[in-house]
Amino acid sequence: MATTVTKTEPIVGKGVRRKEDPRLITGTATYVDDIEMPGMRYAAILRSPHAAAKILRIETSAAAAHPGVVAVFTGDDTRDVGPVPCAASLPGLRAPEHKVLATDRVYYVGHPVAVVVAADRYVAQDALDLIEVEYEPQPAVADPEKALEPGAPAVHPEWPDNRAFTYQHEGGDAAKAFAEADVVVKQRIVSQRLIPTAMETRGVVAAWDAGMRTLTLHSSTQIPHLMRSLVAAMVGMPENRLRVVTPEVGGGFGSKLNVYAEEALLAWISMRIGKPVKWIESRRENYQATIHGRGHVDYYELAARKDGTILGLKAKIIQDCGAYHQLLTPAIPTLSLLMAPGIYRFRNVSAEIIGVFTNCVPTDAYRGAGRPEATHCIERMVDLLAAELKMDPAEIRLKNFPGPDEFPFETGTGLSYDSGDYAAPLKKAMEIAGYEGLREEQRRARNEGRFLGIGISTYGEICALGPSSALPAGGWESATVRVEPSGKVTVATGTSPHGQGEETSFAQIVADELGVDLDDVEVIHGDTGIVQYGIGTFGSRTLAVGGTAIHYACQDLKTKIKQWGAMLLESDDVRFEGGACVCNKTGKSVPLAEIAAAAYRALKLPPGAEPGLVATRFWEPSNFTFPFGAHIAVTEVDPETGQVEIKRYVAVDDCGRIINPLLVAGQIHGGVAQGLGQALYEEAVYDENGQLVTGELMDYAVPKATMVPHIESSHTETPSPVNPLGVKGVGEAGTIGCSPAVVNSVVDALSPLGVKHIDMPLTPEKLWRLIAKGGQA
Amino acid sequence: MIPQNFDYAAPSTIEEALELLADPEAKALAGGMSLIPLMKLRLAAPGRLVDLRRIAGLREIRQDDGALRIGALVTHSEIESSPLVRSRCPLLAETASHIGDLQVRNAGTIGGSIAHNDPAADYPAALFALEAKVKVAGKGTERTLPLEELVVDAMVTALEPGELITEVIVPVEAASTGTSYQKMRQPASGFAIVGVAARLEKSNGRIGSVRVGVTGLGPSGFRARRVEELLDGTAGSDGEIREAAAVVAEGVEANADLHASADYRRHLAQVFTVRAIRAALARAS
Amino acid sequence: MRITGSARIAAAAPEQIFRLLLDPAVLSKCLPGCEGLERTGEDEYRMRMKAVIGAVSGAFDGTVRLSDQKAPQSFRMAVEGSGRIGFVKGEGLLKLAGQDGGTEIAYDGEVQVGGMIASVGQRLLDATARMIIRRFFTRLSEEAGQ
Ligand SMILES: Cc1cc2nc3c(=O)[nH]c(=O)nc-3n(C[C@H](O)[C@H](O)[C@H](O)COP(=O)(O)OP(=O)(O)OC[C@H]3O[C@@H](n4cnc5c(N)ncnc54)[C@H](O)[C@@H]3O)c2cc1C
């Protein structure tokens, strides 16, 4: 037995490179489409070209007779499958029955109508062209406000008013606040529909094992465990015979936080034909049939005193739900409502959500999910108020933040903000940006007739979802930490990281706790056959909830390790440190590997102990966490063309304690890129007949690397009291903070023309028209 | 996103290629940056692809008789980086550098771009300003025609079925010539919403030999002759440039799409004409 | 998509143009790619069309319907077609007016495009629609000249 103890430096807090990157950047990672199986068949899906139509007839015989075609199925065949689940429940929610294939009607362009199964994907695609569908087109409506007008086409004939739900909230006394206000600003604000555009589209491989009577479903998803429960129910099989495997996932951004028709359809087909079957979504299908995000038209009113003190808020949120509810469709705008007051002190809130059916693909969670819309609105409103009162936008914000000593801070929407120092990131961002100097520069630029703008956004967000009471599934997360007989460590997490880098940050946590090398920790996830039940990766929860479960499992494990160490050291006073048990009396130590070997050999057991070194924890947080931050964008608008140049972008984010700054930077960069996409370029456009006219990447502009400015990123660190790691979450922060900073900046740039508000995306033509008309919309 | 069944041939000579292209079901494949996406969407379904990329003679850039002869299969990035093009016809190299993204530039070819005649392609602006000629080969025929005669309408050229573009001929420019290409990119694809190329000479404080090529505005690229006339012989004052640029969209049926209305395109054409002329003027000596 | 514009046919008076436009044999020659019009009723025809625009090609089956005829000043034309690459549905008013011995034809209509061509063809729809119209009137001019 060695007597020296190696005190290793903590690795938590270090910017270690991602363990997952080598396989990703060398092309050796396995995605769903990389999976090949003997006897595999391929499915292709026929989708509706109409936004609304009756299906009069489907003729599949030519397709079925096509050489190489195994089967053709229509909605008649799959009546017993489904329905596609919606987990969100709101009082009075109207939930149309959502079959996996259309039966008598189609409700949006891209609605699945029939499926061909064939020997290869080429034949399957050829056979699709041989299916004849006779449609009787019906009037369609794609615009949520038009859908609310009397006489609008009914998306679902049984609900002619197109209202999916309404939801109201009163906090404090908004009526009184508005009555007492010196000033009220009002604005209609659109958060346009966006297409999540994960680099990897969806994909499913379903493999029925007739002998074992088990089904393995490979799917590119963020929620393998929930998918297992839900798909098992859809296809009517016992949950314990279904195994969901999530291989590498090339991005989700919320679009894969869902259970889609195709997952159950493929499962059903595989059982039906007794062969493995694969379906890989094309980009066109991805645009038409995978959920979209945002889709808000919001009417806000903000009441304040002359000195800038905000008194209250009225908000009407119109949520374009699309034709159906996907897993969380109606729940997303409730997050907007919760975040409606932003990070300001006022508590008088009167808010209403109207969910509207349209002949479009459903909306659901997309990076930020409800919070970007809320932040965009409140941050625009605060700027409108500042403009009205001729106050500096920074000053008005600083005036309205709750102080650091006011936490936990109860909001007018029923949240309890965990911890915060909201002025800190704003002041830091202003210092980095050189705010005073920028304003000086702006004055000079204006004298030269240039449109230079400075935009601030200060945001908060609800993260680390969340207590079980706040989620339709459980709000907890699970972890198993296992020291193998060799002393190497395996971590099984119920979360499902897909690009965020938790294989690295989780390993960092475990490496520090157990005193092992980062490379000695393997993190596994996403296979319901080998990982205990879990919830998944979304809502910036993976580290804060899943990481905490791991943390606690490590504590349990250390208790066990010390029992074994005490036995081996024949001591009753040991500590665990630097990867070894040390006798506090003699200084003798026994390393973890030896302890593990003894625990599995199990010739002798400590009193009351069991063989092996494993600990499993399921942990539920008591509250959400509330990260926050401040972004400043400096923009210049070309007066001749309307083009926006981002001259500076400063992001100061507080995501609580930082486990790995490199991962945090990556999340902020990616998040800001997507926020910029919304602010400047992206919009899912349906024409008045419900045709999705931004049907592919040649017309839907996601920002490319060359379009993203240098991001001056910095942090403040306010630990969260909600979890022992003190972490808050950072996956969505960049997106939430970005769009209002950019829009505020451009509005500021054009404010000499009297411009007060511009809806996204800020396309050059829109700005040029504003400028040409001297600021009049 | 899967094309229909097709045959594939990769001949090594032009003659073989022309022989194969005599089949009306056959289609030439160059960089594939326009054709392959159409095939994947099944908007095009040729029975056979005749891949031109193995034809050695079509990949060269030569200087000859005061002209640059650029093989039809030369890629955008080869044009962008060719020392010969950069020094003798910088406008073309500059224009090539504005096309799409790196991957598109590495695969797409000048011949393919001209043959496809996308109304928003970048090259036409420069090629019209350079009064480029295009060499076309058919089975047993060969002709050289000015670009203006080749271009017919959006996505339509005067190429007969089975004919191939083999070479693009642009003049060697004197070092004193000033040129510039100015464009607004469509953010999704990189295609030009409007692009304007200008070339001009300056002597004794006067502008001469002005050529202005425009793309993105109308069904095809074109030479803005009225602008050229108004500018020729002026001193190139700001007012003179603006006055000339003001007529650039006259008589053109401007395109409109999701990304830009016809009005906006007409306006941009003026703005970028001014900018291209100014920049060209600044570079001329 | 709203489509408006006008075309001039130099050498023919409105009466002649009106007659030509209502003649299915002429119409089928003028509609680019039209492979024939088959009469199915009073001023109603079934149409087969193979549209070829550059590298793009697509076959459409559809109908042409003429109505509200006010010879020789105006009539309405409704065209519907669908094929694998999508569908097109349009209706418009054509007005004819004599001018210097020729005819000025003003058209104003709404066209609805769906399916593949709507979802991936946005960038080129407008240019293509105009081109088809240009070709139509060029052919009509030729017919009128004969
Ligand atoms: C994402 C993306 C972005 C793009 N952005 C831009 C942009 O910003 N600006 C721009 O100008 N272009 C852009 N393009 C188009 C690109 O430049 C293409 O390379 C070009 O339009 C076609 O060239 P190609 O060599 O790829 O031709 P192909 O796709 O191989 O062929 C196109 C057509 O031309 C025919 N053809 C090809 N070569 C010949 C020949 N020698 N003779 C006769 N016919 C021939 C083919 O039969 C086919 O019909 C973009 C393309 C993509 C995919």
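A quick yes/no check of all residues on (1) surrounded by fewer than 23 Cβ atoms within 10 Å (Cβ to Cβ); (2) charged (D, E, K, R):
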{"site": "B:Ile61", "(1), (2)": "yes, no"}
{"site": "B:Asp64", "(1), (2)": "yes, yes"}
{"site": "B:Glu80", "(1), (2)": "yes, yes"}
{"site": "B:Arg88", "(1), (2)": "yes, yes"}
{"site": "B:Asn117", "(1), (2)": "no, no"}
{"site": "B:Lys133", "(1), (2)": "yes, yes"}
{"site": "B:Leu150", "(1), (2)": "yes, no"}
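Out of A:Gly670, A:Gly675, A:Gly734, I need the residue that is of a type outside the set (Phe, Trp, Tyr), touching a Ser or Thr at 6+ places or on another chain (Cβ under 7 Å) and more than 14 Å from chain C (Cβ to nearest Cβ). Which one?
A:Gly675
Can you tell me which residue in the stretch A:408-418 is farthest from A:Val184 (Cα to Cα), limited to those that are surrounded by fewer than 18 Cβ atoms within 10 Å (Cβ to Cβ) and either modelled with pLDDT under 95 or not charged (D, E, K, R) (or both)?
Among those residues, the one meeting the criterion is A:Pro408.
Being of a type in the set (S, T, N, Q) and within 13 Å of another protein chain (Cβ to nearest Cβ) is the filter; apply it to the stretch B:171-196 and report the residue that is nearest to the ligand (Cβ to nearest atom).
In this case the residue turns out to be B:Ser189.
Filter the helices (runs of 4 or more DSSP H) completely within the stretch A:257-341 down to those with at least 1 residues that are crowded, with 24+ Cβ neighbours inside 10 Å and more than 28 Å from the chain's Cα centre (by Cα).
Fully inside the stretch A:257-341 and qualifying: A:261-273.
I'd like the full set of residues that are within 28 Å of C:Gln122 (Cβ to Cβ), in contact with a strand residue (DSSP E or B) (Cβ under 6 Å, 6 or more places away or on another chain) and hydroxyl-bearing (Ser, Thr, Tyr), limited to the stretch B:103-152.
Answer for the stretch B:103-152, where residues must be within 28 Å of C:Gln122 (Cβ to Cβ), in contact with a strand residue (DSSP E or B) (Cβ under 6 Å, 6 or more places away or on another chain) and hydroxyl-bearing (Ser, Thr, Tyr): just B:Thr109.
Within the bounds of the stretch A:636-650, is there any residue that is within 14 Å of another protein chain (Cβ to nearest Cβ), of a type in the set (S, T, N, Q), in contact (Cβ under 8 Å) with a residue 24 or more places away in the chain and not in a helix (DSSP H, G or I)?
Yes: the stretch A:636-650 contains one or more residues that are within 14 Å of another protein chain (Cβ to nearest Cβ), of a type in the set (S, T, N, Q), in contact (Cβ under 8 Å) with a residue 24 or more places away in the chain and not in a helix (DSSP H, G or I).
Here are some residues: A:Ala679, A:Ala673. Which one is of a type in the set (A, V, I, L, M), surrounded by 23 or more Cβ atoms within 10 Å (Cβ to Cβ) and assigned by TED's automatic domain parsing to the domain that holds A:Arg380?
Criteria check complete, one pass: A:Ala679.
Quick check on this structure: which one of A:Arg371, A:Arg397, A:Arg347 is closer than 30 Å to A:Pro224 by Cα and either open to solvent by less than 10 Å² (accessible area, probe 1.4 Å) or touching a strand residue (DSSP E or B) at 6+ places or on another chain (Cβ under 7 Å) (or both)?
When all the criteria are applied, what remains is A:Arg371.
Name the residues in the stretch A:374-394 that are touching a Leu at 6+ places or on another chain (Cβ under 8 Å) and open to solvent by less than 10 Å² (accessible area, probe 1.4 Å), would you?
Correct list: A:Ala374, A:Ile378, A:Met381, A:Val382, A:Leu385, A:Ala394.
Could you tell me whether A:Ala492 is hydrophobic (A, V, I, L, M, F, W, C) and part of a strand (DSSP E or B)?
Yes; evaluated as a whole, the condition is true for this residue.
Condition first: surrounded by 19 or more Cβ atoms within 10 Å (Cβ to Cβ) and over 29 Å from A:Leu46 (Cα atoms). Now tell me which residues in the stretch B:30-56 satisfy that.
Hits for the stretch B:30-56 are B:Ala30, B:Gly31, B:Val50, B:Leu52, B:Ile55.
Among (1) within 14 Å of chain C (Cβ to nearest Cβ); (2) modelled with pLDDT under 95; (3) more than 8 Å from the ligand (Cβ to nearest atom), where does B:Val151 come up short?
That leaves (2) as the condition not met.
Only one of A:Glu682, A:Glu712, A:Glu696 is out of contact with any His (no Cβ under 9 Å at 6 or more places or on another chain) and within 14 Å of chain C (Cβ to nearest Cβ); which?
A:Glu696
Might you let me know whether the stretch A:732-752 holds any residue that is over 21 Å from A:Ile646 (Cβ atoms) and in contact with a helix residue (DSSP H, G or I) (Cβ under 6 Å, 6 or more places away or on another chain)?
Within the stretch A:732-752, not a single residue is over 21 Å from A:Ile646 (Cβ atoms) and in contact with a helix residue (DSSP H, G or I) (Cβ under 6 Å, 6 or more places away or on another chain).
If you go through the stretch A:535-557 one residue at a time, do you hit one that is assigned to a loop (DSSP other than H, G, I, E, B), open to solvent by 40 Å² or more (accessible area, probe 1.4 Å) and acidic (Asp, Glu)?
Looking for residues that are assigned to a loop (DSSP other than H, G, I, E, B), open to solvent by 40 Å² or more (accessible area, probe 1.4 Å) and acidic (Asp, Glu), one finds none in the stretch A:535-557, hence no.
If you go through the stretch A:699-721 one residue at a time, how many are of a type in the set (A, V, I, L, M), crowded, with 19+ Cβ neighbours inside 10 Å and either within 16 Å of the ligand (Cβ to nearest atom) or at pLDDT below 95 (or both)?
2
Restricting attention to helices (runs of 4 or more DSSP H) lying wholly within the stretch B:197-285, give those where 1 or more residues are open to solvent by 50 Å² or more (accessible area, probe 1.4 Å) and within 13 Å of chain A (Cβ to nearest Cβ).
In the stretch B:197-285, B:238-245, B:262-283 are the helices (runs of 4 or more DSSP H) which contain 1 or more residues that are open to solvent by 50 Å² or more (accessible area, probe 1.4 Å) and within 13 Å of chain A (Cβ to nearest Cβ).
Restricting attention to the stretch A:481-503, report how many residues are hydroxyl-bearing (Ser, Thr, Tyr) and buried (at least 23 other Cβ atoms within 10 Å of the Cβ).
Residues meeting the conditions: 3.
I'm checking my understanding of the structure. Among residues of the stretch A:235-248 that are among the aliphatic types (A, V, I, L, M) and open to solvent by 10 Å² or more (accessible area, probe 1.4 Å), which one is farthest from A:Arg283 (Cα to Cα)?
Going through the qualifying residues, I end up with A:Met237.
Out of B:Ala17, B:Ala22, B:Ala45, B:Ala26, report the one residue that is among the hydrophobic types (A, V, I, L, M, F, W, C) and farther than 24 Å from B:Gly140 by Cα.
Answer to the check: B:Ala45.
The values are calculated or read from the model by the stated rules, or taken from the named source; none is laboratory data. Note that this is a predicted model, so its numbers are computed, not measured. FYI the Cβ positions are ideal-geometry reconstructions off the backbone, even for glycines, and counts take in every protein chain you see. Quick note on the areas: whole protein, heavy atoms, side chains included, nothing else; ligands and nucleic acids left out. Shrake-Rupley method; radii C 1.70, N 1.55, O 1.52, S 1.80 Å.
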